[in-house]
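A short worksheet on the structure shown next.
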């Protein structure tokens, strides 16, 4: 068989010893792509990704994991864990109203957003990257994310300027089409191909 230049690693295979990674110093390039279809055992389809611009300040990713253990003869003999979903939190700069309407499923016309009781927030793929001090990058992509309406607060201007920045929460779940929740890619990982980085934000 011809060498394709790719590296295939079987799940559970031990990696090499003494691998290293650069330290993370920045997150940026938040993109979203609306999920159009997610058929069971089919192929999920998306709109073209949208670059939300220079708004990302911080990302928190918290797995929602349950644990169980079975005991016999006075000790645990097996344990199991399951991650049902991921809670995502995005600290951002001020979000344009057009983006708010898009991600929360509201109507907007002539600069006026209308929030209806029948609005439903769509699912999106969410993409971003974490940059390392050594110039390398780790890319992250969640496949099925629904955003939650944010709480809002504001402060009057005082002697010292203070920015009011929104925080947007979201939940990432598994796709019906293939059971996948997310993908990560790292420029320092074995077998990483340059085209992976070049194409990361072009499609889901």
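The values are calculated or read from the model by the stated rules, or taken from the named source; none is laboratory data. Here the structure is a predicted model, which is why all the values come from computation and not from measurement. Please note: Cβ atoms are built from the backbone with ideal geometry, for glycine as well, and neighbour counts cover all protein chains shown.
Yes/no matrix, rows are residues, columns are (1) assigned to a loop (DSSP other than H, G, I, E, B); (2) more than 22 Å from residue 164 (Cα to Cα); (3) free of Cβ contacts under 8 Å to residues at least 40 places away in the same chain; (4) within 15 Å of the chain's Cα centre (by Cα):
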| site | (1), (2), (3), (4) |
| --- | --- |
| 12 | yes, yes, yes, no |
| 18 | yes, yes, yes, no |
| 30 | no, no, no, yes |
| 62 | no, yes, yes, yes |
| 65 | no, yes, yes, no |
| 76 | no, yes, yes, no |
| 82 | no, yes, yes, no |
| 99 | no, no, no, no |
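When residue 23 is tested against (1) out of contact with any strand residue (DSSP E or B) (no Cβ under 7 Å at 6 or more places or on another chain); (2) loosely packed, with under 12 Cβ neighbours inside 10 Å, just one condition goes unmet, and that condition is (1).
When the stretch 172-190 is examined, which residues are found to be at pLDDT 95 or above and either surrounded by 16 or more Cβ atoms within 10 Å (Cβ to Cβ) or more than 14 Å from residue 142 (Cα to Cα) (or both)? Reasoning before the result, please.
Here is the first cut: in the stretch 172-190, the ones at pLDDT 95 or above are 172-189.
Correct list: 172, 173, 174, 175, 177, 181, 182, 185, 186, 187, 188, 189.
May I ask you to say which residue of 155, 134 is under 26 Å from the mean Cα position of the chain (by Cα), over 30 Å from residue 176 (Cα atoms) and part of a loop (DSSP other than H, G, I, E, B)?
Numbers: 155 fails: under 26 Å from the mean Cα position of the chain (by Cα).
The unique qualifying residue is 134.
Inspect the stretch 33-48 for any residue being surrounded by fewer than 11 Cβ atoms within 10 Å (Cβ to Cβ) and in a strand (DSSP E or B) and give the result as yes or no. Looking for residues that are surrounded by fewer than 11 Cβ atoms within 10 Å (Cβ to Cβ) and in a strand (DSSP E or B), one finds none in the stretch 33-48, hence no.
Of all residues in the stretch 133-165, those satisfying the criterion of being in contact with a strand residue (DSSP E or B) (Cβ under 6 Å, 6 or more places away or on another chain) and in contact (Cβ under 8 Å) with a residue 40 or more places away in the chain are 133, 137, 138, 139, 140, 141, 142, 143, 144, 145, 147.
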